[in-house]
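Laboratory data are not the source of any read-out in this text; all were calculated from the coordinates shown. None of these values were measured; they are calculated from a predicted model. Cβ coordinates were reconstructed from backbone atoms using ideal geometry, including for glycine residues, and neighbour counts include every protein chain displayed.
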Amino acid sequence: MDFDLSEEQRLLKESIDGLLTDSYDFEQRKKYMKEKGGWSKAVWSKLAEQGLLGLPFTEADGGFGAGGVETMIVMEALGKALVLEPYLATVVIGGGFLRHGGSAEQKAAHIPGIIDGSKTLAFAQLEKNSRYDLFDVTTTAKKKGAGWVIDGEKFVVLNGENADTLIVTARTKGERRDRNGIGVFLVPADAKGISKKGYPTQDGLHAADISFTGVEVGSDAAIGNPEDALDLIERVVDEARIALCAEAVGAMDESLKETVEYIKTRKQFGVAIGSFQSLQHRASDMFVAAEQARSMSMFATMAGDFEDAKERASAIAAAKVQIGKSLKFVGQQSIQLHGGIGMTMEAKIGHYFKRLTMIENTFGDTEYHLRRVADAGGLI
Amino acid sequence: MDLAFTKEEVAFREEVRAFFRDNVPPDTRRKMQEGRHLSKDEMVTWWRILNKKGWGVSHWPKEYGGTGWTSVQHYIFNEELQSYPAPQPLAFGVSMVGPVIYTFGNEAQKKQYLPRIANVDDWWCQGFSEPGSGSDLASLRTKAERKGDKWIINGQKTWTTLAQHADMIFCLCRTDPSAKKQMGISFIVFSMKSKGVTVRPIQTIDGGHEVNEVFFDNVEVPIENLIGEENKGWDYAKFLLGNERTGIARVGVSKERLRRIKELASKVESGGRPVIQDPAFRERLSACEIELKALELTQLRVVADEGKHGKGKPNPASSVLKIKGSEIQQTTTELLMEVIGPFAAPYDVHGDDGSNEAMDWTAQIAPSYFNNRKVSIYGGSNEIQRNIIAKAVLGL
């Protein structure tokens, strides 16, 4: 048992923290938001230069063969700096599908572009009524010749507006909520029959609603088994959840830090408001919540490697519950302790709150995952 | 970063489990599962079994009978002990006064007291809190005046846990009334059989008798019973309180109780089906399990840190363990109340004699719920723990 980072991991942390300290303060972030697509190509290139976009890929695929802990380190750092660039969509999710399900040809076609920063991906999964159930899929992929024809609508596709390639879940057979009959397809974002409506999300990221009308793709578009890819989808989404837990921990750390700094300096009644016990206790509770979240983020990271799929799923769901509870408390109380200034767009703290809030509602909220843990019989 | 136990640690856990299975008296285990009080004999019998095995004072230095285990081994041992369940060693002797004596006591004191603590030849109790000194412990007023080769002790202690069983007490006494609050306190030990010591029971809301008032009326104590230096008692008290870091989370206790909740909830019916099948109940149960898992991990982080960086000064993370650990213990007793529903009401008319096995367990649930309100109060109330985090961690 060991919670310390290895030498290489420590260096990785220093390197990404350093990069973001230099190029991602709050003012710079505002500029990046105004760039085309809503994030900075220059920052993305820097991430590529430092090898961060290639971390999880095997050396044979041109990456560094890093594991879950390295992704955790990166995601925490991205959470701290409120990074807008599509690391989750491209490296964690897109890369995850390619790593766990991609053929040699698919890997060769897509991974180099991810690693060098020239290509980004997006995961088109959510449907109007699917909510958090990954198996609830009405988008269809019908066989045509050797290839497939995709029809359907996907919503809130993160990085959907900018991605070069979409990874689309679609039903190849069966009924709407059947667990089998679901495939995953690589679709060029500019394919004929795709129409996108892009927009900024509440937390400053960008997403798109995307409709697919008779979109034709080749036989090489399916990742894994086109009739039975739910296990693959769940595995990759679990990794996305783990990454979101780590991102939330980073954002909570910063929220707490900012808030403590604020109440140390803000004066009322002639004293720093941090000298009031009611505020001290609230801040202590925020610390406890953040620490519990950190513990579960580490647990989720470890659980990513569990052999038993059920055990893995329960552990990660449990982590998402804890993170959801903690982030709500830390996020809300950060605003409360800042008082009026916390309500303004101008102050950084509200942006943490918004990102944290959106993390809760991504790939299953607290209630959803609590029910999953309960239905699986708990953790003990 | 690696959360898995090593092969050696897993083997150690098996060894500990097997030892408990073969050696904890079954009645002792059953009573603990049912939340009952154990008799002095039952506790001492088990602790002597443990001591004979060499595990009675596991965390003491080897020269005084400790095991030399790693932090992780201590964690595993405690966790298994709590979740078996079997009584933990008497904290007042083993975790509190023992370490003070081997750290600050003289050779004669070490020889005289340590082996007797390990074998529970002496049952120790703690003379810290007073009626006017709870969270503000340093305001204590019990005084020890030096008269020839004796201390003359007068005053009153309260909340003295299991003083009714005690042979010895370690006591914070004011020895210099003119000094500032924390400065004039000394750490003195003496026999509870001394003339002038009176123990009066306090009945708690669960109907139990765990705590007492202890009165000192001109109690004469040999001068050599001072531990360490005169007027340095506050330092020793801080050392003592900071010593217990990870055990306070009581993760194993809560784990055991959650298993019991599941067992009972699959027997007791509500709405024509076992309580465990009620989705809302199951979610509350799972929410508690998740909190506990997070706490367990937080505790492991503290343990690992201790193993790497030594046990030096008190770690403020222990305040997190205390707050969350006590909240979760309380939640588990609430869940038990929920399971038992209207049958929480009957008072324990059968007593602790096990004469009505079928119903006995129900009668302990409400008392256990009432009794567990104490866990967020003792050992530095959760409000004090929040003060500690605010000051020591957040710098407020």
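Could you state the angle between the C-alpha long axis of helix A:104-115 and the longest principal axis of the C-alpha atoms of chain A, as a value from 0 to 90 degrees rounded to the nearest 10?
The helix A:104-115 is inclined about 30 degrees to chain A.
Quick check: net charge around B:A118, other residues with Cβ under 13 Å of its Cβ, Lys/Arg +1 and Asp/Glu -1?
Once all neighbours under 13 Å are counted, the net charge is +4.
Report the local net charge at A:D365: Lys and Arg +1, Asp and Glu -1, summed over other residues whose C-beta lies under 13 Å from its C-beta. Working shown, then result.
Values: positive: A:R131, A:R241, A:K320, A:K325, A:K328, A:R371, A:R372; negative: A:D133, A:E360, A:E367.
Net charge in that neighbourhood comes out at +4.
Please work out whether region A:30-140 counts as rounded, prolate or oblate from its C-alpha gyration tensor, where a ≥ b ≥ c are the square roots of the eigenvalues and a/c under 1.5 means rounded, while otherwise a/b larger than b/c means prolate and anything else oblate?
It comes out oblate by the Cα gyration axes.
Based on the mean of other Cβ atoms within 10 Å per residue, sort peptides A:36-42, B:289-295 so the most packed one is first.
Packing order, densest peptide first, comes out as B:289-295, A:36-42.
Enumerate by residue number the GluC sites (Glu not before Pro) in region A:261-319 meeting two conditions: DSSP loop (anything except H, G, I, E, B), and at most 13 other Cβ atoms within 10 Å of the site's Cβ.
Taking region A:261-319 and a limit of 13 other Cβ atoms within 10 Å, the loop GluC sites (Glu not before Pro) found are A:E307.
Give the calculated FRET efficiency between B:R48 and A:A272 to the nearest 0.05, with a Förster radius of 60 Å applied to their Cβ-Cβ distance.
On the way: r = 55 Å, r/R0 = 0.92.
With R0 = 60 Å, the Cβ-Cβ based efficiency is 0.60.
Just checking the output field for A:320-330: average partner chain Cβ neighbours within 10 Å of each residue's Cβ?
2
How big is Rg to Rh over the protein assembly as shown, alpha-carbon atoms, Rh as the Kirkwood inverse-mean-distance radius?
1.04
Let me spell out the model: positive unit charges on the Cβ of Lys and Arg, negative unit charges on the Cβ of Asp and Glu, origin at the Cα centre of region A:290-337. What dipole size does that give, in debye rounded to 20?
280
Between B:K110 and B:E263, what is the spin-label point distance in nm, taking each point 7 Å from the Cα along the Cα→C-beta axis?
4.4
Lys/Arg Cβ at +1, Asp/Glu Cβ at -1, dipole of region A:286-375 taken about the Cα centre: which of A:M345, A:L327, A:V373 is farthest positive-ward?
It is A:M345, whose Cα lies furthest towards the positive end.
Among B:P274, B:G184, A:G96, pick out the residue whose Cα is farthest towards the positive end of the charge dipole of the protein assembly as shown, where Lys and Arg carry +1 and Asp and Glu carry -1 on C-beta, about the Cα centre.
Working it through, the farthest residue towards the positive pole turns out to be B:G184.
Per residue of chain A, what 222 nm ellipticity follows from adding -39500 (n - 2.57) for every DSSP H run with n ≥ 4, rounded to the nearest 500?
When only DSSP H runs of four or more count, the value is -16000 deg cm²/dmol.
Can you give the average number of partner chain beta-carbon atoms within 10 Å of each beta-carbon in peptide B:71-78, as a whole number?
Average neighbour count from other chains, rounded to a whole number: 1.
Starting from the amide H of A:I223, placed 1.01 Å from N in the peptide plane, find each other amide H under 5 Å away whose residue is 5 or more places distant or on another chain.
Hits under the 5 Å cutoff: A:V184, A:F185, A:L186.
Estimate the FRET efficiency between B:T103 and B:K180 by the formula 1/(1 + (r/R0)^6), using the beta-carbon distance for r and 25 Å for R0, to the nearest 0.05.
Efficiency, from the Cβ-Cβ distance: 0.55.
Is the shape of region B:86-175 best called rounded, prolate or oblate, per the rule: a/c under 1.5 gives rounded, else a/b larger than b/c gives prolate, else oblate, with a ≥ b ≥ c the square roots of the Cα gyration tensor eigenvalues?
It is oblate, given that a/c is not under 1.5 and a/b is not larger than b/c.
Using θ = phi - 60° and the Karplus relation 6.51 cos²θ - 1.76 cosθ + 1.60, list the HN-Hα couplings for region A:259-265 in order, rounded to whole Hz, with x at every Gly or Pro.
Those phi angles translate into 5, 5, 4, 5, 6, 6, 9 Hz.
Residues with beta-carbon under 14 Å from that of A:D308, excluding A:D308: net charge, scoring Lys, Arg +1 and Asp, Glu -1?
Residues close to A:D308 contribute a combined charge of -3.
Quantify how strongly other chains surround peptide A:286-296 by giving the mean number of their Cβ atoms within 10 Å of each of its Cβ atoms. Don't skip to the end; give the middle numbers.
Numbers: counts 2, 10, 12, 3, 1, 11, 9, 1, 4, 10, 7.
The per-residue average across the peptide is 6.
Quick check on region A:97-250: take the gyration tensor over C-alpha atoms, sort the square-rooted eigenvalues as a ≥ b ≥ c, and tell me if it's rounded (a/c under 1.5), prolate or oblate.
Working: a/c = 1.28, a/b = 1.21, b/c = 1.06.
Rounded.
How big is the charge dipole of region A:134-178 about its Cα centre, in debye rounded to the nearest 20, if each Lys and Arg gets +1 on its Cβ and each Asp and Glu gets -1 on its Cβ?
Roughly 320 debye for region A:134-178.
Given a cut-off of 32 Å, name the pairs among A:K80/B:K374; A:K264/A:K328; A:K325/A:K348; B:K193/B:K322; B:K262/B:K324; A:K257/B:K238 whose C-alpha atoms lie farther apart than that in the structure shown.
From the list (A:K80/B:K374; A:K264/A:K328; A:K325/A:K348; B:K193/B:K322; B:K262/B:K324; A:K257/B:K238), the Cα-Cα distance tops 32 Å for A:K80/B:K374; B:K193/B:K322.
With 10 angstrom as the radius, rank B:T331, A:T357 by how many other C-beta atoms surround their C-beta, starting from the fewest.
With the sparsest Cβ surroundings first, the list reads A:T357, B:T331.
How big is the charge dipole of the protein assembly as shown about its Cα centre, in debye rounded to the nearest 20, if each Lys and Arg gets +1 on its Cβ and each Asp and Glu gets -1 on its Cβ?
1500
Quick one, can you get me the convex hull of the C-alpha atoms of chain B expressed as volume per residue in Å³?
So the per-residue Cα hull volume is 154 Å³.
For chain B, what is the mean residue ellipticity at 222 nm derived from helices alone (per DSSP H run of n ≥ 4: -39500 (n - 2.57); sum divided by total residues; nearest 500 deg cm²/dmol)?
The per-residue figure over chain B is -14000 deg cm²/dmol.
Dipole of the protein assembly as shown (Lys/Arg Cβ +1, Asp/Glu Cβ -1, origin at the Cα centre): which of A:A248, B:P346, B:L396 lies farthest to the positive side?
Among A:A248, B:P346, B:L396, the one farthest towards the positive end of the dipole of the protein assembly as shown is B:L396.
Show me A:318-326, A:162-170 ranked by packing, highest mean number of other Cβ atoms within 10 Å first.
A:318-326, A:162-170
Which of the peptides A:344-353, B:196-205, B:43-52 is most tightly packed, and how do the rest follow, judged by the mean count of other Cβ atoms within 10 Å per residue?
Packing proxy ranking, top to bottom: B:43-52, A:344-353, B:196-205.
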